[in-house]
Amino acid sequence: MNQSFDYIEMKVPSKPEYVGVVRLTLSGIASRMGYSYEDIEDLKIATSEAITNAVHHAYNQDEGGEIVIGFGLFSDHLQIMVSDNGKSFDINQMKEDLGPYSSSTNIYEMNEGGLGLYLIDTLMDDVKINNDAGVSVFMKKYLQRERVGSDEESIATNQAE
């Protein structure tokens, strides 16, 4: 079953000053789709981290380069792609260098560079990284509309007891 969706794509120079432009665009898209304020903030943080990683690691400073951000708007989720054509990296080596992390890991004990990947993984529902030609990060966040009703019911039940 193919689910219909809208796709929005933007390209920005690989420079830190363009992260805010992407954040504003993402905020408008997510708000229009019905995401909560908290979910929009999570989306903006995770996407900012992915873009910042591309800005800092994909290209040499004098190289220029661009970052492509794609937004797939589905009825029940938003998929975000952050992609560059810069240098690839060995994801397994990177994870090994960063060390294991979990929800109980103290942020101050994490290796440098681990916080961005940790945040992305924690804030999004699904994350995939492709590093065949450059690096592409695919992040998915589901709309929680259905959950709101069931939470209200459980709150009402708990109050009645």
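Quick notes on this structure:
- Candidates Leu78, Leu115: the one that is under 15 Å from Ala54 (Cα atoms), under 15 Å from the mean Cα position of the chain (by Cα) and either modelled with pLDDT of 55 or more or part of a loop (DSSP other than H, G, I, E, B) (or both) is Leu115.
- Qualifying residues in the range 50-66 (those that are out of contact with any helix residue (DSSP H, G or I) (no Cβ under 9 Å at 6 or more places or on another chain) and either closer than 22 Å to Thr122 by Cβ or in a helix (DSSP H, G or I) (or both)) - the one modelled with the highest pLDDT: Ala54
- Scanning the range 10-22 for residues that are touching a residue at least 24 places away in the same chain (Cβ under 8 Å) and β-branched (Val, Ile, Thr) yields Val12, Val19, Val22.
- With respect to the conditions (1) touching a residue at least 40 places away in the same chain (Cβ under 8 Å); (2) within 22 Å of Tyr118 (Cα to Cα), Tyr59 lacks only one, and its number is (2).
- Residue count, the range 23-36 (criterion: more than 17 Å from Val68 (Cβ to Cβ) and either surrounded by 14 or more Cβ atoms within 10 Å (Cβ to Cβ) or in contact (Cβ under 8 Å) with a residue 60 or more places away in the chain (or both)): 6
- Some residue of the range 11-22 being at pLDDT 95 or above, assigned to a helix (DSSP H, G or I), crowded, with 17+ Cβ neighbours inside 10 Å and in contact with a helix residue (DSSP H, G or I) (Cβ under 9 Å, 6 or more places away or on another chain): yes
- Condition check for Ala58: in contact with a Gly (Cβ under 6 Å, 6 or more places away or on another chain) and either over 17 Å from Met81 (Cβ atoms) or crowded, with 19+ Cβ neighbours inside 10 Å (or both): yes
- Some residue of the range 67-75 being assigned to a loop (DSSP other than H, G, I, E, B), under 18 Å from Lys11 (Cβ atoms) and modelled with pLDDT under 95: no
The values are calculated or read from the model by the stated rules, or taken from the named source; none is laboratory data. Being a predicted model, the structure only gives us computed values, none of them experimental. Because the Cβ atoms are built from the backbone with ideal geometry, glycine has one as well, and the counts that use them run over all protein chains shown.
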